[in-house]
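S.K.: One structure, pasted below without further comment.
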Amino acid sequence: MASTAVKLIDIAVNFTDAMFKGIYHGKQCHAADIPAVLARAWAAGVDRIIVTGGSLKESREALEIAETDGRLFCTVGVHPTRCGEFEEKGDPEGHFQALLALAKEGIEKGKVVAVGECGLDYDRLHFCPADVQKKYFEKQFELAEAVKLPMFLHMRAAGEDFCEIMSRNLYRFPGGVTHSFTDSAEDRDRLLSFEKMFIGVNGCSLKTNENLEVLQGIPVERLMIETDSPYCDIRNTHAGSQYVKSTWPSKKKEKYEPDSMVKNRNEPCLVRQVLEVVAGCKGIADIEGLSKTLYHNTCRLFFPQDLDASAEAQLESGSTVQDS
């Protein structure tokens, strides 16, 4: 188990997923267990979690989950593969207004911190064609502008179109993070050319040696970490696994015990492993300093009200870690 000396924010957890209700491939294997998952996260040094919304329905559920704990927050938006939902009832504007109303409700409750998950995914066009994805990606900038929130973004095999849409909408939102980044060095550099853009990494970002080379080119002051659980865990076969130091006991779902993780189901406590891989890959010995930098980055985007002059001074003085 990990030391709690570091303070971490997991920017992407899919708590609306059926696996956290104990359901796998449509079969109930154990009881819903978000409280047990959260207990492990808090014990591991996780300070806050952002619950991801990927559809109108899912965003409602994410807000409900976020309301159960003061350390939980959420996003409101529509994932690129689900953008067809805007047109399902023949009233795209009505669907947009429902998202807007939900975002405003969540902001009033102090829970909604970003618009998303939105963007482009050209790896899964069988779920939603590119023209529909582009249309409603653009529409969600209108949502961000209306509520003055940052954007929680998804980009998969669509770097050119994504960045072209981004560039003409930069004035509409205060900043964003492209999460679960798995694309090329060229796409990384495109994103970094936008001053207000951060890049989020998880286990899927750390699979291959090429992934690790791409990570090395992301300045730590532009980086955030996440699990994207219950997906994107770090497996022993992944290139990044050589740097993992923290482990937790796990059992197969059929032998579920509340005090153990479920084997192959990712959890927010494992964001500590992502931190360790980032540190190892970048040759950073001061893991606590790195965690402070990543925490500061995340607060700058999602929790700016929590940043004070001392935190800014700390970053300037070098008591947090920056790439040389």
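S.K.: What relative contact order, as a whole-number percentage, does segment 55-134 give when Cα pairs under 8 Å and 6 or more residues apart are counted?
M.R.: Once divided by the residue count of segment 55-134, the mean separation gives 38 percent.
S.K.: Further, regarding this structure: Using Stokes-Einstein with the Kirkwood hydrodynamic radius over Cα pairs, what translational diffusion coefficient do you get for the chain at 20 °C and a viscosity of 1.002 mPa s, in µm²/s rounded to a whole number?
M.R.: 108 µm²/s
S.K.: How high is the relative contact order of segment 12-148, in percent, counting Cα pairs under 8 Å that sit 6 or more residues apart?
M.R.: 22 percent
S.K.: A follow-up question, please. Per the Debye formula with a single identical scatterer at each Cα and no solvent contribution, what log10 I(q)/I(0) holds for segment 28-167 at q = 0.13, 0.16 Å⁻¹?
M.R.: -0.59, -0.84
S.K.: A follow-up question, please. At a 10 angstrom cut-off on C-beta neighbours, averaged per residue, how do the peptides 88-100, 222-234 rank from highest to lowest?
M.R.: Descending mean neighbour count gives 222-234, 88-100.
S.K.: Whose amide H sits under 5 Å from the amide H of residue 224, counting only residues 5 or more places off or on another chain, with H placed in the peptide plane?
M.R.: 199, 200, 201
S.K.: Same structure again: When the helices in the chain are scored as -39500 (n - 2.57) per DSSP H run of 4 or longer and the sum is shared across all residues, what 222 nm value do you end up with, to the nearest 500 deg cm²/dmol?
M.R.: After summing the helix terms and dividing by residue count, I get -11500 deg cm²/dmol.
S.K.: 7 Å from Cα along Cα→Cβ at both residue 251 and residue 216: what's the point-to-point distance in nm?
M.R.: Once both label points are built, they end up 4.2 nm from each other.
S.K.: Do you know the relative contact order of the chain, to the nearest whole percent, from alpha carbon pairs under 8 angstrom that are 6+ apart?
M.R.: Averaging sequence separation for qualifying contacts and normalising by length gives 18 percent for the chain.
S.K.: Once Lys and Arg get +1 and Asp and Glu get -1 on their Cβ, which of 273, 73, 140 lies farthest toward the positive end of the dipole of the chain?
M.R.: Highest projection toward the positive end goes to 273.
S.K.: Under 11 Å from a label point 7 Å along Cα→Cβ of residue 104: give me every residue in segment 132-153 with its amide N that close.
M.R.: 147
S.K.: Ok, one more. Setting aside same-chain residues fewer than 8 positions from residue 7, which lysines have a Cα under 28 Å from its Cα?
M.R.: Partners within reach: 21, 109, 111, 148, 196, 207, 245, 251, 263, 282, 292.
S.K.: To the nearest 20 debye, what charge dipole does segment 8-317 have about its Cα centre, counting +1 at the Cβ of each Lys and Arg and -1 at the Cβ of each Asp and Glu?
M.R.: Rounded to the nearest 20 debye, it is 760 debye.
S.K.: Here is a further query. Which of the cysteines in the chain are isolated, no other cysteine C-beta under 4.7 Å?
M.R.: 29, 74, 83, 118, 128, 163, 269, 281, 299
S.K.: Oh, and also: Ranked highest first by average number of other Cβ atoms within 10 Å, how do 101-107, 175-181, 80-86 line up?
M.R.: Ranking the peptides 101-107, 175-181, 80-86 by packing returns 175-181, 80-86, 101-107.
S.K.: Another question, then. Highest mean first, what order results for 266-272, 50-56, 131-137 on Cβ atoms within 10 Å?
M.R.: Sorting 266-272, 50-56, 131-137 by mean packing, highest first, produces 266-272, 50-56, 131-137.
S.K.: List the lysines whose alpha-carbon lies under 25 Å from that of residue 89, not counting same-chain residues fewer than 8 positions away?
M.R.: Correct list for residue 89: 57, 104, 134, 135, 139.
S.K.: Quick one: length gained pulling residue 69 to residue 47 fully straight, 0.36 nm per residue minus the C-alpha distance?
M.R.: 6.8 nm
Throughout, read-outs are computed from the coordinates displayed, never taken from laboratory work. Please read all numbers here as calculations on a predicted model, not as lab measurements. Please note: Cβ atoms are built from the backbone with ideal geometry, for glycine as well, and neighbour counts cover all protein chains shown.
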